[in-house]
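Since the structure comes first, as structure tokens, the remarks are kept for the end.
Please treat every number below as a calculation from the coordinates, not as lab data. As the structure is a computational prediction, the values presented were derived from the model and not from experiment. Every residue, glycine among them, receives a Cβ derived from its backbone with ideal geometry; neighbour counts consider all protein chains shown.
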Amino acid sequence: MPSTAHPNRPLILTKRDLVWVGRFDAMASPCEVLMAVESKETAELFLRIAAHETWRIEQKFSRYRDDGIIPRINNSGGATIPVDAETAHLIDYAYQCHQLSDGLFDVTSGILRKTWPFRPNSTIPTNKEVDALLPFIGLDKATWNNPDFRLPSDMQIDFGGIGKEYAVDRTLALLTAKTNSPIMVNYGGDITCNRSPSPNTPWRVGIENSKEMIELTSGSLATSGSTHRYLMYDGKRYSHVLNPKTGWPIENAPLSVTVKGDSCTHAGMLATFAMLKGKDAESFLEAQNVFYRILR
Amino acid sequence: MSTSKKQTAANISRLLAGATCTLLNQAASAQDVAQDTNDPKWDVETAVLYYSEKDRVSAIEPVFSATRTFESGNILNIKAVVDVLTGASPNGATPFDGPQTFTRPSGNDSYTIAAGETPLDDTFLDTRVAIGAQYDYSLGRLTHLSSGLNFSNEYDYQSISVNTRVAREFNDKNTSLSAGFAFAADSIEPEGGIPKAFTSMPEVEDDLNRQGSSESKDTLDLLLGVTQVINRKTLMQVNYSFSNSEGYLTDPFKILTLANSSTGAPEDYLYENRPDSRTKHSIYWKTKYHRENGHIIDASYRYLWDDWDITSHTLDFRYRWPLASGHYIEPHVRYYSQEEASFYRHSLTAGEALPEFATADSRLGQFDAMTYGAKYGIPMGENGEFSIRLELYRQNGSTVGTPIGDQVNYDLFPDLEATIVQFGYSFQF
């Protein structure tokens, strides 16, 4: 029998001027798809495609779903797990990002959450507690021989740092395969679009905690960091961005970094890299010739 | 920042753009796959089960189940089951030192049981076809409804049932309360008609002396349940079920030996008689625990009691053990223990007043049963799985009441052994 625990998650469609606005919740974020299409039927179809693709990615790469690939890898006890093609592409990408960031972007660093909960009033861990986790961090400790992935026992991976931006790009790709009409995908501030809603009106996007509006005619915008997530302890602010090599928060990390890129995944990863650069975030992005905004 | 460092940094961005492009293009090439997941799909489960009791009934049961999840999240399940039963089952009479001859239900023929053997009626041959549909749908984000319709048909038995269940999630979806009901209407039209209670089994070609050709019963089931997420690894479920059946609950093929009060020899065979109402209650508890290493423990317990004085305990334990390459093995142990119905007896005694109700049907007697088995699963392709399940069932009954005369020499509740083999194949299209 099918499980009755299948949530019928709501899809909301409204119209604002000439643009259909579809909304749903996924990946702990409000998700929005703006569609300059004629008929309500088309907008409904596109919204369903967007939501289902996003929910698919959310479920497939969830850390919690028992039948998902991530728990299978994390609970493998050091056994080799064959993965499907899509997971393989993401693992490839994770390796490339690990290398390009000189090991600072690491999909195995999630276990640091155990000692750094970033909840209000939580305290900072001891050196000993942090050091005890370091042997279990480092993508280079895993073995990747596509399609076989082996993660040492007691290590964990997650695609939390890639998933939402990836879903944004996937959604736009699916929709632009069906239409040339202007589409903008905005999942909790990670944004991409194919073209302006009309030749003289770009999409206008606000930046978090800033009055600035950014005009977007094509391409993507992604934000790393949140002005709300940090830890105050003994008068010192600890960033929620952790250095997987030390297990400690990145020193002098910006509050948030917003970057414009070719794709949302590209922009998001650049923003993450910039966060990981700490005090050098601005100079790093300056060297990229990309549009960016940094809040400190 | 030095020039060389800047160049390195710029390189990083360009290389990252390239890597991202590769990721998204590869994903785009897998777009057809992803497109498919936007469309509803059928999850199909097929299985064939062989059930074989030693020297008694055997059954072949093909099962086909197809589940479609719609874009709305609603789920439709359609299921068809065919049961083909052959073999012999105890007719209720006790073994005896000499051969015993019994009339078949039609009244046109008879069968003879050798001295000392448990009387088994080998007329037992039937094909049952059951089809059902169940539809799960949501009312808002937190309320789910499920409704179904089921039919089953066999040569002498028809059943139709409807059910509805509502579940509401609370507490961040960590708690789910559910309530449901099911109503079933069954009718039976046995070969030879419905025997009158405690009348003698007729001789071949005699007047059957029946009370009619068909009977019916109605069953109402109610269920209340709570499912609680204890933590990320543990799920617990507790259900209370109530079931009330009204109507013809007697088995028209079952008889009791009317035994001579001193020797235990059969003087006659009388048709059994059961109350026309039965109310059952049960409490069910189940816990599913996911271990760190991916193993899953599934344990459950059920306590059942009814107004026929039957009580039973069922303990069930499964352990799912993932092996390499997606294979798994799942050992299974089940213990069942039942106390007999108040009107269960191995035989009636000649010269004594007839009780109001009596049955010698071993299914209403006192017995314990153990099932040992294991299931082995092998992934087939992206979403398919082949599985084989092998189980051994062993039932040990005990004699209720004191044997009369020569009955002492026989096992009035013979043990039962059965083997269950199931082949399953599931896939998605």
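Give me the dipole magnitude in Debye, nearest 20, for chain B about the Cα centre, with unit charges on the beta carbon: positive for Lys and Arg, negative for Asp and Glu. Spell out each step's value before the answer.
On the way: 35 positive and 57 negative charges, 734 e Å.
My answer is approximately 3520 debye.
Under a GNM of chain A (C-alpha, springs under 10 Å), which listed residue has the highest mean-square fluctuation: A:44, A:58, A:86?
Top of the fluctuation ranking is A:86.
Given points 7 Å out from each Cα along the Cα-Cβ axis, report the residue B:402 to residue B:316 separation in nanometres with one decimal.
In this crude spin-label approximation the distance works out to 4.1 nm.
Which value in Å is the Kirkwood Rh of region B:140-191 over different Cα pairs? Show your work: numbers first, answer last.
Values: mean 1/r = 0.0760 Å⁻¹.
In region B:140-191 this quantity evaluates to 13.2 Å.
What is the Cα convex hull volume of region B:204-308 when expressed per residue in Å³?
Numbers: hull volume 21.7 nm³, N = 105.
Cα convex hull per residue, to the nearest whole number: 206 Å³.
Give the dimensionless ratio obtained when the Cα radius of gyration of region B:248-352 is divided by 2.2 N^0.38 Å.
On the way: Rg = 22.1 Å, N = 105, 2.2 N^0.38 = 12.9 Å.
Compactness ratio reported: 1.71.
Taking every pair of distinct Cα atoms and averaging 1/r, then inverting, what Kirkwood hydrodynamic radius in Å comes out for region A:1-105? Don't jump to the answer; show the numbers that get you there.
On the way: mean 1/r = 0.0602 Å⁻¹.
In region A:1-105 this quantity evaluates to 16.6 Å.
Once both labels are modelled 7 Å past Cα along the beta-carbon direction, what's the residue A:114-residue A:9 spacing in nm?
A separation of 2.9 nm, rounded to one decimal place.
Just to verify a number: FRET efficiency for residue B:196 and residue B:238, C-beta to C-beta distance, R0 = 56 Å, to 0.05? Please report the intermediate quantities before stating the final value.
Working: r = 44 Å, r/R0 = 0.79.
Step by step, r from the Cβ atoms, then E = 0.80.
How long is the gain from residue B:46 to residue B:189 if the chain were fully straight, where each residue apart is worth 0.36 nm and the alpha carbon distance is subtracted?
Details: separation 143, 0.36 × 143 = 51.48 nm, distance 3.13 nm.
Full extension of this stretch gives 48.4 nm more.
When the gyration tensor of the protein assembly as shown is built from Cα positions, what are the square roots of 5 times its three eigenvalues, in whole Å, from largest to smallest? Don't skip to the end; give the middle numbers.
Details: eigenvalues 920, 147, 91 Å².
Listed largest to smallest, the semi-axes of the protein assembly as shown are 68, 27, 21 Å.
For chain A, modelled as a Gaussian network with Cα springs under 10 Å, which listed residue fluctuates most, A:262, A:17, A:190?
So, out of A:262, A:17, A:190, the one fluctuating most is A:17.
Set the Förster radius R0 to 51 Å, insert the Cβ-Cβ distance between residue B:356 and residue B:297 as r into 1/(1 + (r/R0)^6), and round the FRET efficiency to 0.05. Let's see the in-between values first.
Values: r = 47 Å, r/R0 = 0.91.
Result of the calculation: an efficiency of 0.65.
By how many degrees, between 0 and 90 and to the nearest 10, does the Cα long axis of helix A:264-276 differ from the longest principal axis of chain A?
With rounding to tens, the tilt is 40 degrees.
How charged is the neighbourhood of residue B:392? Take every other residue with its Cβ under 14 Å from the Cβ of residue B:392, and add Lys/Arg as +1 and Asp/Glu as -1. Present the calculation step by step, with values, prior to reporting the outcome.
Details: positive: B:54, B:334, B:375, B:389, B:394; negative: B:53, B:391, B:415, B:417.
Once positives and negatives cancel, what remains is +1.
How large is log10 I(q)/I(0) at q = 0.08, 0.14 Å⁻¹ when the Debye formula is applied to the Cα atoms of chain B, each weighted equally and without solvent?
Evaluating at q = 0.08, 0.14 Å⁻¹ gives log10 I(q)/I(0) of -0.60, -1.51.
Can you give the extra length, in nm with one decimal, that the chain gains between residue B:114 and residue B:25 once fully stretched, where that is 0.36 nm per residue apart less the Cα-Cα distance? Can you show the working numbers first?
Values: separation 89, 0.36 × 89 = 32.04 nm, distance 7.77 nm.
Full extension from residue B:114 to residue B:25 adds 24.3 nm.
What is the Cα radius of gyration of chain A over 2.2 N^0.38 Å, N being its residue count? Intermediate results must be reported in sequence, preceding the final value.
Working: Rg = 20.0 Å, N = 296, 2.2 N^0.38 = 19.1 Å.
Computed over Cα atoms of chain A, the ratio equals 1.04.
Looking at this model, which pairs from A:128/B:173; A:60/A:178; A:178/B:41; B:217/B:286; A:114/A:164; B:173/B:233 are more than 26 angstrom apart at the alpha-carbon?
Working: A:128/B:173 37 Å; A:60/A:178 24 Å; A:178/B:41 21 Å; B:217/B:286 31 Å; A:114/A:164 22 Å; B:173/B:233 15 Å.
With Cα atoms farther than 26 Å apart: A:128/B:173; B:217/B:286.
Let me check I have the definition right: for region B:58-123, take the eigenvalues of the Cα gyration tensor, multiply each by 5, take square roots. What are those semi-axes in whole Å, largest first?
Semi-axis lengths for region B:58-123 are 46, 12, 9 Å.
Between residue B:323 and residue B:122, what is 0.36 nm times their sequence separation minus the Cα-Cα distance? Round to one decimal in nm.
Numbers: separation 201, 0.36 × 201 = 72.36 nm, distance 4.43 nm.
Here the answer is 67.9 nm.
So what's the angle, to the nearest 10 degrees on a 0 to 90 scale, between helix B:3-29 and the longest Cα principal axis of chain B?
40 degrees
Calculate, for residue A:210 and residue A:23, the FRET efficiency according to 1/(1 + (r/R0)^6) with r their C-beta to C-beta distance and R0 22 Å; round to the nearest 0.05. Please report the intermediate quantities before stating the final value.
On the way: r = 23 Å, r/R0 = 1.05.
It comes to 0.40.
Determine one quarter of the surface area of the Cα convex hull of region B:92-194, which equals its mean projected area, and express it in nm² to one decimal. Please list the in-between numbers first.
Numbers: hull surface 41.0 nm².
Across all orientations, region B:92-194 yields a mean hull projection of 10.2 nm².
Between residue B:149 and residue B:173, how many nm apart are label points set 7 Å from Cα along the C-beta direction?
Rounded to a tenth, the inter-label distance reads 3.1 nm.
Among residues other than residue B:370 whose Cβ falls under 13 Å from its Cβ, what is the net charge (Lys/Arg +1, Asp/Glu -1)?
Details: positive: B:334, B:394; negative: B:316, B:368, B:391, B:415, B:417.
Summing Lys/Arg as +1 and Asp/Glu as -1 gives -3.
Local charge sum around residue A:71 (other residues, Cβ-Cβ under 9 Å, Lys/Arg +1, Asp/Glu -1)?
Around residue A:71, the surrounding residues sum to +1.
Once you keep just the Cα pairs under 8 angstrom separated by 6 or more residues, what percentage relative contact order results for region A:1-92? Present the calculation step by step, with values, prior to reporting the outcome.
Numbers: 83 pairs, mean separation 14.4, N = 92.
16 percent.
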